[in-house]
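Down below is the structure, laid out as structure tokens.
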Amino acid sequence: MIDLRSDTVTRPSQAMLAAMTRAETGDDVWGDDPTVLSLQARVAGEAGKEAGLFFPSGTQSNLAALMAHCGRGDEYIVGQAAHTYKYEGGGAAVLGSIQPQPLDNAEDGSIPLERVAAAIKPTDDHFARTRLFALENTIGGKVLPAAYVAEATQFAHGRGLATHLDGARVFNAAVASNQSLKAMAEGFDSMSICFSKGLGAPVGSVLVGSRALIEVAHRWRKVLGGGMRQSGVLAAACLHALDHNVARLADDHANAARLAEGLAQIDEVKVMSHATNMVFAQFPQADCAALEAWLKERGILTQMLYASRFVTHLDVSAADIDTFVAAVKAYFKR
Ligand SMILES: Cc1ncc(COP(=O)(O)O)c(C=O)c1O
């Protein structure tokens, strides 16, 4: 199947599975799994932070970070479109007693700083205590403007807020903007990175930050049920991904551009945006279900909505993109 629904659908390659089989393991709850320790140290080093912590998922990594920054009755400022706010089951509020203060994202994914300034609560018992400003990069595939990130993180710190980056796809941002992971993490007190998206690992995220913050997150990871045992098997997949699957993200970006160009040639389709490995396009509402079924019959998995998202990844080739575009064309010509 050609699966364009998400970059989370990749299957571990034979080489990745072999690396997992070879992994040296220990008990990570006891802190002695050498492969997990090596992944944590490597990612922290590359991100220019003191320490790293391995998590089973990006959701848990983000949540532990929010809980490390904020206590009960505290508040974090976040975009309406942000994964930590919109797509993580309200975990910050449900499990962390943290009040989200969502603000509309601008078209480029940023949150205008005058909106942030107006949302910061004064010190007064009527209000939650505003503690944290959280951004996401990439967001909807878009790379946040570097100048905005620098200004926003400085602004937040100036107002006494900590900063967190949901960097589930921060390697896509780094490759697309030809910047290091360290440059992408600059200004953030914590950053969560996923290995189960474009990097092709089956599971795994790493949270990086100061040693003190990671110690607090370590406690919350345990409370959230994220303490794993011989997780070196999983960390080995992430280390393999770091060695082999970072630079090639440029291929995914090129394939997304190819997909956007292909769809743009079809009268019935309106490409709304395209950035890094994601394309958003509108299809006639009445055709969505039939088109999704038509594509599935031809071995192509999509989630066809009025506004659909297509995501490229390491299991999708340029030829697969051409097959997909040809199938969409054929549907509208039939
Ligand atoms: C931007 C972003 N952040 C966080 C996550 C959560 O990752 P996970 O599915 O590993 O919990 C996702 C998942 O798709 C995501 O897209």
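Residues that are away from the ligand (no atom under 16 Å from the Cβ), over 20 Å from the mean Cα position of the chain (by Cα) and exposed (fewer than 14 other Cβ atoms within 10 Å of the Cβ) are absent from the range 46-63 altogether.
Of all residues in the range 1-41, those satisfying the criterion of being open to solvent by 40 Å² or more (accessible area, probe 1.4 Å) and either among the β-branched types (Val, Ile, Thr) or in contact with a strand residue (DSSP E or B) (Cβ under 8 Å, 6 or more places away or on another chain) (or both) are 1, 5, 8, 21, 25, 29, 41.
Taking strands (runs of 3 or more DSSP E) as the structural unit, those lying wholly within the range 124-203 and holding at least 2 residues that are open to solvent by 50 Å² or more (accessible area, probe 1.4 Å) and at pLDDT 95 or above correspond to 129-136. Do we find that residue 90 is more than 11 Å from the ligand (Cβ to nearest atom) and free of Cβ contacts under 8 Å to residues at least 60 places away in the same chain in this structure? In short, yes. Considering the range 1-34, and only residues there that are more than 14 Å from residue 234 (Cβ to Cβ) and part of a helix (DSSP H, G or I), the residue that is nearest to the ligand (Cβ to nearest atom) turns out to be 8.
Among residues of the range 283-294 that are farther than 19 Å from residue 260 by Cα, those with a Cβ under 6 angstrom from a residue that is at pLDDT 95 or above and open to solvent by less than 40 Å² (accessible area, probe 1.4 Å), sequence gap 6+ or separate chain, pair up as 294/331.
Candidates in the range 68-87 are the residues that are aliphatic (A, V, I, L, M) and within 15 Å of the ligand (Cβ to nearest atom); of these, the one that is most open to solvent (accessible area, probe 1.4 Å) is 81.
Just checking, which of 209, 232 is at pLDDT 95 or above, closer than 17 Å to residue 63 by Cα and away from the ligand (no atom under 16 Å from the Cβ)? Please lay out each step first, then the result.
Values: 232 fails: closer than 17 Å to residue 63 by Cα.
Within the list 209, 232, the selection yields 209.
Scanning the range 93-123 for residues that are open to solvent by 40 Å² or more (accessible area, probe 1.4 Å) and without any contact (Cβ under 8 Å) to a residue 24 or more places away in the chain yields 93, 94, 107, 114, 115, 118, 122, 123.
The values are calculated or read from the model by the stated rules, or taken from the named source; none is laboratory data. This one's a predicted model, so the numbers in the text were calculated from it and none came from an experiment. Using ideal geometry, Cβ is built from the backbone for each residue, glycine included, and neighbour counts are taken over all protein chains shown. Note: areas computed on protein heavy atoms with side chains; ligands, DNA, RNA excluded. Shrake-Rupley method; radii C 1.70, N 1.55, O 1.52, S 1.80 Å.
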